[in-house]
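Asker: Below is the structure I would like to discuss, written out as structure tokens.
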Amino acid sequence: MIIKQIIYLYFCFSLLLACGKTTTPVTTVVQQPALPATDTSALVTVSDTKQVTAPEPVHQPIADKPAAETITQMLQEQSKPKIKVTLIELMSKRCMPCRMMEPVIESIRQKYAGQVEVQTFDVWTPLGKPMAEQYDIRLIPTQIFLDENGKEFFRHEGYLSEKEIIKILNRRGVK
């Protein structure tokens, strides 16, 4: 709640800076402490029209200024569950065991969204070939499991059942 208020205030202040000088009615409500709740004199309302002058804007590249969208994106990223495991499937559309793995991989992608990032690469295409070289694969399909820091902790060559993949994920705290 406080973060939303900060973002709102930042947005309002940004608009004020963008508009320059402006006249705005200012209303302040002050509650004095230690008075009984039935006493209406506890609320003092001051209403006045004041000249509010925004400081001259400093001309900086937009990329240097934090925007409300940037703050919102940062908050959304913080609220996302952390990826615990990355599963890389190195395969080909023309390989029969690889095609058998497709529904297994898709099931893992759906069941563990937010905890497991699933990436598939067709190693017989220009886009997938560098991945095959990077991970030094010998045959397909190959499943490579990376921890949250990107370090490989398990590798399997050939068909791997969904039940076996789930066991591997459970050992890394994926539920």
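Asker: From the cross-link list LYS82/LYS151; LYS93/LYS151; LYS84/LYS129, which pairs have alpha carbons spaced over 24 Å apart?
Answerer: Long pairs (Cα-Cα over 24 Å): LYS93/LYS151; LYS84/LYS129.
Asker: Report the FRET efficiency, 1/(1 + (r/R0)^6), for GLU133 and ARG172, where r is their Cβ-Cβ distance and R0 is 25 Å, rounded to 0.05.
Answerer: Efficiency computed from Cβ-Cβ geometry: 0.45.
Asker: I would also like to ask the following. Among 150-163, 112-125, how do they line up from the highest to the lowest mean number of other beta-carbon atoms within 10 Å?
Answerer: 112-125, 150-163
Asker: Once you have the Cα-Cα distance between LYS82 and HIS156, take 0.36 nm times their residue separation minus that, and quote the gain in nm to one decimal.
Answerer: Going from the current span to full extension adds 24.2 nm.
Just so you know, all these numbers are worked out from the coordinates, no wet-lab data involved. Predicted, not measured: the structure shown is a model, and the values here were computed from it. Heads up, the Cβs are rebuilt from the backbone with ideal geometry, glycines too, and the neighbour counts pull from every protein chain shown.
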